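Participant: Could you have a look at this structure, given as structure tokens, before my questions?
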Amino acid sequence: MTALQTIGLLIISNIFMTFAWYGHVKLQEQQIITSNTPLIVIILLSWLLALAEYACQVPANRYGFVGNGGTFSLLQLKIIQEVITLVVFSIFTLFFFNDESIRWNHIAAFGCLVLAVYFAFLK
């Protein structure tokens, strides 16, 4: 698996993960579900999304890992994953939650994570 395929699967995985973790909050805001919706229903819906997440996450990590012929070390995979998680979450927040905003300190924190990726790839 190429590096781009691995990163692509990680991005898709994170999109599903973000919707599984936070989508119900937006659905409640839009009154598609209510605070009276049983928690077990929310959990089951989230698990369905998490299944799609894992269907992308597991192959990305398995085949992206250098020990399996991939491109990345385990630490590199994890750091890439965290940066992708924040990018996907930030985009999700900006598009689906109008009352949330990204401030300078969020950008500074994201810059630190980009530096973490840089340092993780140094030889």
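Nothing in this text is a laboratory measurement; each read-out follows from the coordinates by a stated rule. The structure displayed is predicted, hence computed values, not measured ones. No Cβ is skipped: glycine too gets one built from the backbone with ideal geometry, and neighbour counts run over all protein chains shown.
Yes or no, residue by residue, for (1) surrounded by fewer than 18 Cβ atoms within 10 Å (Cβ to Cβ); (2) in contact with a helix residue (DSSP H, G or I) (Cβ under 7 Å, 6 or more places away or on another chain); (3) not aromatic (F, W, Y):
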{"position": "I40", "(1), (2), (3)": "yes, no, yes"}
{"position": "I43", "(1), (2), (3)": "yes, no, yes"}
{"position": "Q57", "(1), (2), (3)": "no, yes, yes"}
{"position": "G64", "(1), (2), (3)": "no, yes, yes"}
{"position": "N68", "(1), (2), (3)": "yes, yes, yes"}
{"position": "F72", "(1), (2), (3)": "no, yes, no"}
{"position": "V87", "(1), (2), (3)": "yes, no, yes"}
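Participant: Something else: Identify all residues within the stretch 34-49 that are hydrophobic (A, V, I, L, M, F, W, C) and closer than 19 Å to T93 by Cα; write none if there are none.
Facilitator: Result: L49, single match.
Participant: Now for a separate question. Within the stretch 1-50, which residues are among the β-branched types (V, I, T) and touching a His at 6+ places or on another chain (Cβ under 8 Å)?
Facilitator: Matches in the stretch 1-50: I33, I42.
Participant: So, restricting to helices (runs of 4 or more DSSP H) that lie completely within the stretch 27-123, which ones have at least 1 residues that are more than 26 Å from I7 (Cβ to Cβ) and free of Cβ contacts under 8 Å to residues at least 40 places away in the same chain?
Facilitator: Qualifying helices (runs of 4 or more DSSP H): 39-64, 104-120.
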